[in-house]
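First comes the structure, then the notes that go with it.
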Amino acid sequence: MASKKREVQLQTVVNSQSLWDEMLQNKGLTVIDVYQAWCGPCKAVQPLFRKLKNEINEDEILHFVVAEADNIVTLHSFRDKCEPVFLFSLNGKIIAKIEGANAPLINRKVTNLIDEEKKIVAGEMVRPQYDEILLKDLDSEEAGEGHDGNVEHYCITIIKPDAVISKKVLEIKEKILEEGFVIEAEDARMLTEEQVRDFYSGMADQPDFEEFVSFMTTNLSYVLVVSPGIEKTDSLGEIQALETEPDESPEDLSEAEVNDTSEVTEKNRDSLQECLERQQISQFCDIEDDATNVVKFLDIFFPDFKLMKSRNLERTLALLRPDLVQERKDEVLHIIEDEGFKILMQRQIQLSEEEAQTLCKEYENEDYYVKLIEYMTSGPSLALVLLRENGLQYWKNLLGPTNVNEASEFYPDSLCAQFAMGRLPVNQLYGSDSKEIAEREIQYFFPPQNTLAVIKPHVTHEQREEIMKIIKDAGFELTQLKEMVLNQEEANKIYYKIATRDFYKDVLALSSGGPSLVMVLTKWNAIGDWRRLMGPVDPEEARLLSPESIRAKYGINILKNAVHGASNTSEAAESISKMFRESVSEDSEEN
């Protein structure tokens, strides 16, 4: 409780426009930590602020403030951003900005500005003419860097089943990204008849439309929300710097020049349809870009799209080094959960020398690098996949610096400082440096595996939708899907292991009684995770032993137990090969 009280006294809370205007009346230097309500002020720099306040001891000319961007109109440009931002107000004028919890830089900035103020007060120097940072200009400048909620920026793209069957989905998505577009959301699903007729209403009078509807409603499609993104240009690509110095104008590129560049970009920019045609993949995709229809289909396909955008959920790889795993693993896991992360996957791994070198690349010029690699390969590390709003930057902020000495001096509350151990001055925890690196590392340490899954005919349409939601919530990717009645020939491809059993005729009778949903589910450890999600074969036993399992919720008896899944990697590979012969995944036997 004592520390909480000190924090309140240390930093004045500003959470309204009127309080912001009042704060600008402060004499001297005001250091402003700009934050959003959902993530709170930056805890990592509070020890530094306390240290500066005690050492400088100039309450009349040094003030610390936390400002909530959500409720202050002036700070509109900082909303929906997780990375810490610190503004420096000198006698009511914002003259500098630092992005990121860079304690040494903040320390240097505060010290220099306070030294100048003391000399000015003592008459030893003339007050410099600082250029003011206009926050409204930052807002317009950054508008080009992101995407707001205006649906005119979005289009709905459907990648049709023939592309899924021929394994072209990844290629199509990569080509979309290469053209500078952004895939804001995606979902693999089997479209309903109503959705197909609505989306393709313009071609309803074509003679083969009914056949087309049947094809679209019995196979897997991918639905994407695509936005234009930004074309990369040399002039705009290097504008944003970590810090805007007082003697450097943040408006070096004039508003007219920015507008001029934007107009050229808009005129030269091809539509998504034109890009797909140029890439010779337009036959696999259908695009809706009419603003009114986009609103309608966003509500149909992605009803939580606005919430998804505002939350900005991100995955990152986290790694605990061997000593930490052995001695204080549970403490770290508790902190991870308390900070709002969801642990999607975890596994203990014995790193090879090459893997250790990759993860320790930032230390390769240190004299202890060889000993570090020996340490990293000496015992098991714990790899985790973490999910949270703005999770990647949030995890990096929690970690603190890579060096224990720097963490202890400037970031004593960081995980690096809290969990320092051993003879090497390195952070005992690791986090990915970017989204791209995070996804690459996750793919490497948690390689995806395929399994075959079946939703049986007796499951109602409503129950099927619920099961599909359970599958997606469990982290499975729907890689292949087809709806079909399983006659004996098709059923043999799935149930070949029990084809000689006496009860197999009952299985065939059930399978041929209506359409089944046959799927390829993909994730790390997919076979084991799917079997756990299904639960015991007998629904009665499932309700006792695994009441949250699919069979416990939707199973009727052993025969009508709602779902089926492959038992092991060889069965999964063989069943997938037989059922989806035209699109067998190369990695079905991995892991």
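Excluding ligands, DNA and RNA, the accessible surface per residue across segment 390-458 is 38 Å² with a 1.4 Å probe. Residues in segment 417-425 carry Karplus couplings, in order, of 6, 5, 10, 5, 7, x, 8, 9, x Hz; the curve used is 6.51 cos²θ - 1.76 cosθ + 1.60 with θ = phi - 60°, and Gly or Pro positions show x. Among the GluC sites (Glu not before Pro) found in segment 34-127, those both in a DSSP coil and sparsely packed, with 14 or fewer other Cβ atoms within 10 Å of their Cβ, are Glu60, Glu124. Among the lysines, which have Cα under 17 Å from the Cα of Lys119 when same-chain residues fewer than 8 positions away are ignored? By straight Cα distance, Lys119 reaches Lys27, Lys109.
For segment 502-581, what is the accessible area per residue in Å² when the probe is 1.4 Å?
On a per-residue basis, 43 Å².
What angle, in degrees between 0 and 90 and rounded to the nearest 10, separates the Cα long axis of helix 255-268 from the longest principal axis of the Cα atoms of the chain? With both axes taken from Cα atoms, the answer is about 20 degrees.
Looking at segment 341-401, which GluC sites (Glu not before Pro) are DSSP coil and have at most 11 other C-beta atoms within 10 Å of their C-beta?
Values: sites: Glu353, Glu354, Glu355, Glu362, Glu364, Glu366, Glu374, Glu389; in loops: Glu364, Glu366.
Listed in order of number, the matching sites are Glu364.
3J(HN,Hα) couplings calculated from phi for segment 453-462 with the Karplus curve 6.51 cos²θ - 1.76 cosθ + 1.60 (θ = phi - 60°) are, in sequence order, 9, 10, 9, 7, x, 6, 6, 5, 4, 5 Hz; Gly and Pro show x.
Near the amide H of Met421, within less than 5 Å, lie no amide hydrogens of residues on another chain or at least 5 residues away, with H placed in the peptide plane. Per residue, the accessible area of segment 264-355 comes to 59 Å², computed with a 1.4 Å probe over protein heavy atoms only. Against the main long axis of the alpha-carbon atoms of the chain, helix 569-579 sits at an angle near 60°. In order along segment 60-73, the phi-based Karplus estimate (6.51 cos²θ - 1.76 cosθ + 1.60, θ = phi - 60°) of 3J(HN,Hα) comes to 6, 10, 10, 10, 10, 9, 10, 10, 8, 4, 4, 10, 10, 4 Hz; Gly and Pro are listed as x. A DSSP coil position with no more than 11 other Cβ atoms inside 10 Å describes the following chymotrypsin sites (Phe, Trp or Tyr not before Pro) in segment 464-503: Phe503.
Here the chain exposes an accessible surface that is 47 percent carbon and sulfur, computed with a 1.4 Å probe and the other protein chains kept in place. Convex hull volume per residue, computed on the Cα atoms of the chain, equals 197 Å³.
Run lengths n ≥ 4 of DSSP H only: what is the helix-derived mean residue ellipticity at 222 nm for the chain, with -39500 (n - 2.57) per run over all residues, to the nearest 500?
Calculated from helices alone, the mean residue ellipticity at 222 nm is -12000 deg cm²/dmol.
Farthest toward the positive end of the dipole of the chain, out of Thr402, Phe209, Ala572, is the Cα of Ala572, where the dipole comes from beta carbon charges about the Cα centre. List the pairs from Lys97/Lys175; Lys435/Lys482; Lys523/Lys560; Lys493/Lys553; Lys309/Lys329; Lys53/Lys309 whose alpha-carbon separation is above 30 Å, in the order I gave them. Among Lys97/Lys175; Lys435/Lys482; Lys523/Lys560; Lys493/Lys553; Lys309/Lys329; Lys53/Lys309, the Cα-Cα distance tops 30 Å for Lys97/Lys175; Lys435/Lys482; Lys309/Lys329; Lys53/Lys309.
The values are calculated or read from the model by the stated rules, or taken from the named source; none is laboratory data. The structure displayed is predicted, hence computed values, not measured ones. Ideal geometry is used to build each Cβ from the backbone, glycine not excepted, and the neighbour counts take in all protein chains shown. All accessible areas refer to the heavy atoms of the entire protein, side chains included, with ligands and DNA or RNA removed. Shrake-Rupley method; radii C 1.70, N 1.55, O 1.52, S 1.80 Å.
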